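Participant: Quick one: structure below, then a few questions.
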């Protein structure tokens, strides 16, 4: 009987230590989970040329919802403001590569049926992406030089 109690005590200690170690070192979230939520643009370039002024960037929001990318524009020139969805894309991420890679397949909007591929980096509440059409080689660095066909974007997470 004493031996059973001893074994139960050791098993209980092992489980407790295992749970404590798991809590102290939680499994890192995957990148798709880190992207969930609303993001505002900080920078948006195409082939090195800025694509919109700061006042327009304030009207743009990207929402990552599971594996979907929703791009919205809020038209504040009308009352009440009108929310327009500019694009819907399914996204795929590969965080095992260096740099990390992504793919977009547009499911709705003016780019429906088109695909893009690129690279991304998540650093705290910022997301950096460089991407272009799948007909061109995937970017290997965060640059969108003239004639590259690449977009270079930086986004900030909107914290509630």
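Participant: What number of residues within segment 115-147 satisfy the criterion of being in a loop (DSSP other than H, G, I, E, B) and crowded, with 17+ Cβ neighbours inside 10 Å?
Facilitator: The number of residues fulfilling the criteria is 4.
Participant: Within segment 52-99, restricting attention to residues that are in contact (Cβ under 8 Å) with a residue 12 or more places away in the chain, farther than 17 Å from residue 117 by Cβ and not in a strand (DSSP E or B), which residue is nearest to the chain's Cα centre (by Cα)?
Facilitator: Only one residue tops the list, namely 66.
Participant: Follow-up. For segment 34-48, which residues satisfy the criterion of being in contact (Cβ under 8 Å) with a residue 40 or more places away in the chain and on the phi < 0 side of the Ramachandran plot? Write out each step before concluding.
Facilitator: Applying the first criterion (in contact (Cβ under 8 Å) with a residue 40 or more places away in the chain) to segment 34-48 yields 34-35, 37-48.
If the condition is that a residue be in contact (Cβ under 8 Å) with a residue 40 or more places away in the chain and on the phi < 0 side of the Ramachandran plot, then 34, 35, 38, 39, 40, 41, 42, 43, 44, 45, 46 are the ones that fit.
Bear in mind these aren't lab numbers, they're just calculated from the coordinates by the rules spelled out. From a predicted model like this one, the values you see are computed outputs, not experimental measurements. Because the Cβ atoms are built from the backbone with ideal geometry, glycine has one as well, and the counts that use them run over all protein chains shown.
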